[in-house]
Amino acid sequence: MNVNMKSIGLTESLSQEAMNYSNLLVGRVTAQYKDSYKVVTERGEFIARISGKFRYQINNQVDYPAVGDFVMVDGINDVNGNTVIHHILTRKSIFSRKVAGSRNDIQVVATNIDTLFLCMSMNNDWNLRRMERYLSITWDSGATPVIILTKSDLCEELAAKIQELQPIAIGVDILVTNNLSKDGLQSVFKYIGTGKTIACIGSSGVGKSTLINRVLGNDGIATSETRKDDKGRHTTTRRELFIVPGGGAIIDTPGMRELGIVSSDISKSFADIDQLALQCKYRNCTHNSEPGCAIQQAILEGSLANERLHSYHKLKKEIRYGGLNSKQIEREKINTMFQGISGMKQARKMIKEKNKRNR
């Protein structure tokens with residue numbers, strides 16, 4: 001399979017960067033295995049491994065190739081199949097998450113994404129707080145989020161659900177699809193085209209693979225029926241990039257019910273709260289019980305949900321403490337408790353006193 005690399009996202013700037021590596025060919029990672037990668041190039045598709053020099057230069061997990069990366073390879077004419085990845089070209093976007101059960105390990109889900117389809121089915125998978133998390137991470141990744149509501153045929157209150165979603169999806173397109181038919185598919189195609197890369201994320205069984213099959217025009221990705229309890233079945237087992245007929249690429253990912261935050265942009269995903277905060281009486285308002293708090297007033301008036309404020313505080317806390325050890329977390333908590341110079345002095349005094357007791 002020979003591919004026009006520009007049709008799947010190779011930009012002029014990346015082509016210029018690739019010229020720095022003589023005798024190497026540009027490829028794009030389409031799948032990742034335990035210790036190898038599937039790479040597509042203008043001369044075909046190959047299984048590749050990273051070079052020893054490249055491996056030696058890697059400092060952390062994020063530096064390894066990931067699905068969506070443009071890489072420089074050689075050895076594609078090797079009769080023994082020894083194709084080697086030597087470099088990763090500059091990433092324009094990175095969607096990553098914390099590895100489950102770990103404080104610091106980061107998993108790169110996909111790279112060089114233009115638009116991220118945040119898929120949520122309109123049955124038992126409906127979860128606004130999870131969508132807030134998805135939006136925060138997507139804005140931070142460099143990709144543009146689009147919410148895809150799937151399985152609308154299973155929802156009896158479609159208009160009410162969309163109205164419930166709109167306050168948290170500020171500035172984000174919301175598309176409604178029906179997996180039993182092609183309803184809503186045309187609205188999806190306006191984001192897909194030559195040079196564009198789409199990625200789909202969401203919980204298991206929300207219909208990501210079904211959606212991608214419709215885009216590709218075949219049933220190349222295995223799908224499963226919804227269980228009797230209305231929850232989706234997990235089908236996709238790894239991240240994989242598919243080339244869209246006519247141009248573009250789309251990435252399928254395994255279900256992600258939990259999404260640990262590495263970093264996020266809550267200024268966009270919680271723009272309504274940030275705007276209200278500007279109207280608070282005190283600049284350092286914590287939005288809990290201070291007099292003149294515009295956010296608490298909005299909650300009393302019913303224009304802002306208390307659950308949304310709770311989610312805002314939770315994400316800010318998770319971002320602030322992410323990657324810190326227990327002592328660092330304790331120090332951050334104390335610093336947050338006290339504001340201003342006198343407060344900082346008192347915080348430092350408390351830390352010193354506790355350290356003395358623990359000796």
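The values are calculated or read from the model by the stated rules, or taken from the named source; none is laboratory data. Everything numeric in this text was worked out from a predicted model, so none of it was measured. Quick reminder, even Gly has a Cβ in these numbers, built from the backbone with ideal geometry, and neighbours come from all protein chains shown. Quick note on the areas: whole protein, heavy atoms, side chains included, nothing else; ligands and nucleic acids left out. Shrake-Rupley method; radii C 1.70, N 1.55, O 1.52, S 1.80 Å.
Summary of values
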item: Some residue of the range 188-211 being free of Cβ contacts under 8 Å to residues at least 24 places away in the same chain and either in a helix (DSSP H, G or I) or touching a Cys at 6+ places or on another chain (Cβ under 8 Å) (or both); result: no
item: Number of positions in the range 1-18 that are more than 16 Å from His87 (Cα to Cα) and either of a type in the set (Lys, Arg) or open to solvent by 20 Å² or more (accessible area, probe 1.4 Å) (or both); result: 7
item: Residue check, Ile47 at pLDDT 95 or above and either buried (at least 18 other Cβ atoms within 10 Å of the Cβ) or assigned by the TED database to the domain that holds Gly9 (or both); result: no
item: Long-range neighbours under 6 Å by Cβ, at least six apart or interchain, first residue more than 16 Å from Arg308 (Cβ to Cβ) and surrounded by 13 or more Cβ atoms within 10 Å (Cβ to Cβ) within the range 276-297, second of a type outside the set (Ser, Thr, Tyr) and at pLDDT 90 or above; result: Gln279/Ala294; Cys280/Cys293; Cys280/Ala294; Cys285/Cys293
item: Given (1) modelled with pLDDT of 75 or more; (2) touching a helix residue (DSSP H, G or I) at 6+ places or on another chain (Cβ under 9 Å); (3) surrounded by fewer than 19 Cβ atoms within 10 Å (Cβ to Cβ); (4) not in a loop (DSSP other than H, G, I, E, B), index of the condition His313 fails; result: (2)
item: Residue count, the range 75-91 (criterion: in a loop (DSSP other than H, G, I, E, B) and modelled with pLDDT under 95); result: 8
item: Scope the range 155-173; condition touching a residue at least 24 places away in the same chain (Cβ under 8 Å) and surrounded by fewer than 16 Cβ atoms within 10 Å (Cβ to Cβ); matching residues; result: Leu158, Glu164, Pro167, Ile170, Gly171, Asp173
item: Residue that is nearest to Val67 (Cα to Cα), among those in the range 19-43 that are open to solvent by 10 Å² or more (accessible area, probe 1.4 Å) and not in a loop (DSSP other than H, G, I, E, B); result: Gln32
item: Cross-chain or 6+ apart pairs with Cβ under 7 Å, the range 27-51 first and among the aliphatic types (A, V, I, L, M), then part of a loop (DSSP other than H, G, I, E, B) and surrounded by 21 or more Cβ atoms within 10 Å (Cβ to Cβ); result: Val29/Pro65; Val29/Ala66; Val29/Val67; Val29/Gly68; Val29/Asp69; Ala31/Val67; Ile50/Pro65
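Residue-by-condition table, conditions (1) modelled with pLDDT of 85 or more; (2) under 12 Å from the mean Cα position of the chain (by Cα); (3) not assigned by the TED database to the domain that holds His313:
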site	(1), (2), (3)
Thr253	yes, yes, yes
Asp265	no, yes, yes
Lys281	yes, no, no
Ser289	no, no, no
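Table: residues versus (1) modelled with pLDDT of 90 or more; (2) touching a strand residue (DSSP E or B) at 6+ places or on another chain (Cβ under 9 Å); (3) surrounded by fewer than 16 Cβ atoms within 10 Å (Cβ to Cβ); (4) in a strand (DSSP E or B).
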| residue | (1), (2), (3), (4) |
| --- | --- |
| Tyr56 | yes, no, yes, no |
| Val73 | yes, yes, no, yes |
| Ser102 | no, yes, yes, no |
| Ile113 | yes, yes, no, no |
| Arg133 | no, no, no, no |
